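Bear in mind that the values in this text are calculations on the coordinates, not laboratory data. Bear in mind that the values here come from a model prediction, so they are computed numbers and not experimental data. So basically every Cβ, Gly included, is an ideal-geometry build from the backbone, and we count neighbours across all protein chains shown.
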Amino acid sequence: MNELGISFLSDWGWVICGILMMMAEFAIPGIFMIWIGIGAVLTGIICMFLPDLSVSVQLLIFAVFSMISVFLGWFIYGRVFGKSQKEEYSDLNQGTKEFIGKKYPLISDVKNGQAQIKIGDSVWPVRTEENMRTGEMVTVSKVDGMVLYVSKEMGKNDL
């Protein structure tokens, strides 16, 4: 037993806790517990070679190894999986990009290059360089935040 009365913080105690944390990763997904578990296992290995370490030193070693393994895990995970996920989900939380190329009627006349269209139950501000009136069909060409840039829809008679 050590100065704090904690007897489980032995070399095998750290290793077992680390393995349990790594196994908990299966029940609590999120790719975080495994790195803390690695820190605990490494602390246990150090304690095997230096059995007289105080609890405070063991906890310091555990904290350092855990931080290092979390950082390395974050770095490795980002390198291995980060690029493919960024490409696959590049439009995530950018739902307004789905409006590009679609046609909608104006619900107000264009004044000073600004008007409005209604999409679903929402009114959206639009910008354009063309003069148009309420009811004319426009095509969304670009999105900048909450502003949609539109142009006049080309009909068969306009060609």
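Data table
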quantity: Under-5 Å amide H pairs with LYS142, H placed in peptide plane, nonlocal only; calculated: TYR149
quantity: Paramagnetic label zone (point 7 Å from Cα along Cα-to-C-beta, GLU136; backbone N under 20 Å) in segment 108-123; calculated: 108-119
quantity: Only Lys, Arg (+1) and Asp, Glu (-1) charged, at Cβ; segment 95-154 dipole about Cα centre in debye; calculated: 40 debye
quantity: Under the Karplus curve 6.51 cos²θ - 1.76 cosθ + 1.60, θ = phi - 60°, whole-Hz ³J(HN,Hα) for segment 18-25, x wherever Gly or Pro sits; calculated: x, 5, 5, 5, 5, 5, 5, 4
quantity: Listed peptides 33-46, 15-28 by packing density, highest first (mean Cβ within 10 Å); calculated: 33-46, 15-28
quantity: Nearest-0.05 FRET efficiency for LYS97 and ILE31, computed from C-beta distance (R0 30 Å); calculated: 0.55
quantity: Inter-site label distance for ILE76 and LYS111 at 7 Å from Cα along Cβ, in nm; calculated: 6.2 nm
quantity: 5 angstrom amide H check on SER108, placed H, neighbours 5+ away; calculated: GLN116, GLY135
quantity: Per-peptide average of other Cβ atoms within 10 Å, ordering 49-59, 65-75 highest first; calculated: 65-75, 49-59
quantity: Test item: Cα-centred dipole of segment 11-88, Lys/Arg +1 and Asp/Glu -1 on Cβ, debye; calculated: 220 debye
